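Some notes on the structure that comes next.
The values are calculated or read from the model by the stated rules, or taken from the named source; none is laboratory data. None of the values given here were measured: they were computed from a predicted structure. Here the Cβ positions follow ideal geometry from the backbone for every residue, glycine too, while neighbour counts run over all protein chains shown. Calculation scope for accessible area: heavy atoms of the full protein, side chains included, ligands and nucleic acids excluded. Shrake-Rupley method; radii C 1.70, N 1.55, O 1.52, S 1.80 Å.
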Amino acid sequence: MSIPDAEVERQIQQMIQFIDHEADEKEVEILAKADEEFNIEKGRLVEQEKQKIRAFHEKKEKNAELQKKIQMSNLHNQARLRLLKQREDHLQVVVDKTTNKLKGQVVDITKYREMLQGLITQGLCQLLEPHVTIQCRQMDIQLVEGVLAAGQANYTKLSGLDVTVKVDQANFLPADITGGVRLVAKEGRMVVVNTLEARLEQIIKQKIPEVRSMLYGSNPNRRFFD
């Protein structure tokens, strides 16, 4: 028994409708999945860009903070150097005044004679040699010769040793120094420089930390002292 053509046509239409329906559902499913993946990818890209922007601004802020710290450090160091320069200039004024005062004492022959005697005795005590030659400015020869005996006597009293001292009549200290003596022993292998400049420099090295502390107060960060 054959199926009528109308039935066949009806079944064919049903199959076509079923296929169309399945295709429509599949299309909707594919479009929905595509939209979902698109939104996920869009969200990822947006978040990635946000992170880049945040990282950029964080780096910019860090660089700005670093530059600020560097600038503040430079300003602090410059201010500190200016302060140190002012302090050293002030100390140099003190040293210059002391030097001028010392030159003034050399003008006073009585005081200068006493200074020469003390410098000779001190130099002899440093050398502790039996034969010593003294050098001085040519203009000071008579003064040195005048206090030589007393200087030797003080040395012998302090050390219990005898010494033969002569004044060098050929080699003189520079005329432009303030004064003082130079003691030589063992043919020049032992020398004590007791010029007023040398003594002043030694005293300055010893006293500058003390003077600095008196003028500006003690430095709590200082661990070593001269």
(request) State the number of residues belonging to segment 118-166 that are under 46 Å from the mean Cα position of the chain (by Cα), of a type in the set (Ser, Thr, Tyr) and not in a helix (DSSP H, G or I). (result) 1
(request) Specify the residue that is farthest from the chain's Cα centre (by Cα); the eligible residues are those in segment 86-101 that are open to solvent by less than 60 Å² (accessible area, probe 1.4 Å) and either over 23 Å from residue 179 (Cβ atoms) or not hydrophobic (A, V, I, L, M, F, W, C) (or both). (result) 99
(request) Could you please find all residues in segment 119-134 being free of Cβ contacts under 8 Å to residues at least 60 places away in the same chain and closer than 12 Å to residue 179 by Cβ? (result) none
(request) Keeping to segment 1-60, report how many residues are assigned to a loop (DSSP other than H, G, I, E, B) and either among the acidic types (Asp, Glu) or open to solvent by less than 90 Å² (accessible area, probe 1.4 Å) (or both). (result) 1
(message) Looking only at segment 102-120, filter to residues that are at pLDDT 75 or above and of a type in the set (A, V, I, L, M, F, W, C); which one of those is most open to solvent (accessible area, probe 1.4 Å)?
(response) 107
(message) If a residue must be surrounded by 15 or more Cβ atoms within 10 Å (Cβ to Cβ) and out of contact with any Ser or Thr (no Cβ under 6 Å at 6 or more places or on another chain), how many such residues does segment 180-190 contain?
(response) 4
(message) Quick check on segment 127-179: of everything there that is in contact with a strand residue (DSSP E or B) (Cβ under 7 Å, 6 or more places away or on another chain) and loosely packed, with under 12 Cβ neighbours inside 10 Å, which residue is nearest to residue 99 (Cα to Cα)?
(response) 175
